[in-house]
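Before any comments, here is the structure.
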Amino acid sequence: MGAPGSGKGTQAGAISQKLGIAHIATGDLFREAVRRGDELGQKAKSYMDRGLLVPDEITISMLLERIAQADCRNGYILDGFPRTLEQARALDRALEEKGQAVDVVLYFKVSTEELVKRLSGRLICRDCQAPYHPIASPPRVAGRCDQCGGELYQRADDSPDTVRKRIEVYFAETASLIDYYREAGKLTEVDGTKGIEQVGEEALAALSNE
């Protein structure tokens, strides 16, 4: 968990590689389901095409299909889901039916001012969505993604005023979710203001303690 710009996607990818477990991002799930054109994908697309949020039951059904695959046998890391208390409860119920449960929740904590600074300069790859920053994490070749060579661009909603609003919405949506996992004894806060490598080391140490 973490607000936009907290680095949770970057750290999820790094943890996935280091631990050899699957990295599951809901955005990727939607895109893959739409590409396949199966029943769930068509349902998700019908909402996405109208600019609506995909209902929780569809998202969780996609998630359950994904974690049933062989590369999730030894574990997986969820990135971007759940986002609300209702989603967390629905996820817990779905996993309980499979004899599974969320083991630990890493919350990458970053101040609003730092998030605005990060997001206001953020660059995104058009092809693989990898994030970059001119100062914090610049690409090796200006304007090009290190991973796939795709073009880097700045999202229209990464202006300072829009970023502040997005962050406000995030915290309003997730405050109860943070409390939910804290009360369950599953939440571990990670200082997301440090360098990428330091944050990664702290995150791995937290997982090792679990």
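Listed values, structure above:
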{"read-out": "Set Asp79, Asp92: member being over 17 Å from the mean Cα position of the chain (by Cα) and at pLDDT 90 or above", "value": "Asp92"}
{"read-out": "Residue, surrounded by the most Cβ atoms within 10 Å (Cβ to Cβ), within region 155-192, restricted to residues that are among the β-branched types (Val, Ile, Thr) and modelled with pLDDT of 90 or more", "value": "Val190"}
{"read-out": "Among residues of region 29-65, those that are in a helix (DSSP H, G or I), at pLDDT below 85 and touching a Lys or Arg at 6+ places or on another chain (Cβ under 9 Å), counted", "value": "6"}
{"read-out": "Scan of region 160-190 for residues that are aliphatic (A, V, I, L, M), out of contact with any Pro (no Cβ under 7 Å at 6 or more places or on another chain) and part of a helix (DSSP H, G or I), ordered by number", "value": "Val163, Val169, Ala172, Ala175, Ile178"}
{"read-out": "Within region 119-130, considering residues that are surrounded by fewer than 19 Cβ atoms within 10 Å (Cβ to Cβ) and touching a residue at least 40 places away in the same chain (Cβ under 8 Å), the one nearest to Ala3 (Cα to Cα)", "value": "Ser120"}
{"read-out": "Flag for Thr193 being among the hydroxyl-bearing types (Ser, Thr, Tyr), on the phi < 0 side of the Ramachandran plot and outside any helix (DSSP H, G or I)", "value": "yes"}
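Matching residues to (1) more than 26 Å from Ala175 (Cβ to Cβ); (2) surrounded by fewer than 18 Cβ atoms within 10 Å (Cβ to Cβ):
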| site | (1), (2) |
| --- | --- |
| Gly9 | no, no |
| Ile15 | no, no |
| Gly20 | yes, yes |
| Gly41 | yes, no |
| Pro55 | no, yes |
| Arg89 | no, yes |
| Asp92 | no, yes |
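The values are calculated or read from the model by the stated rules, or taken from the named source; none is laboratory data. Model, not experiment: these values are computed from the prediction. So basically every Cβ, Gly included, is an ideal-geometry build from the backbone, and we count neighbours across all protein chains shown.
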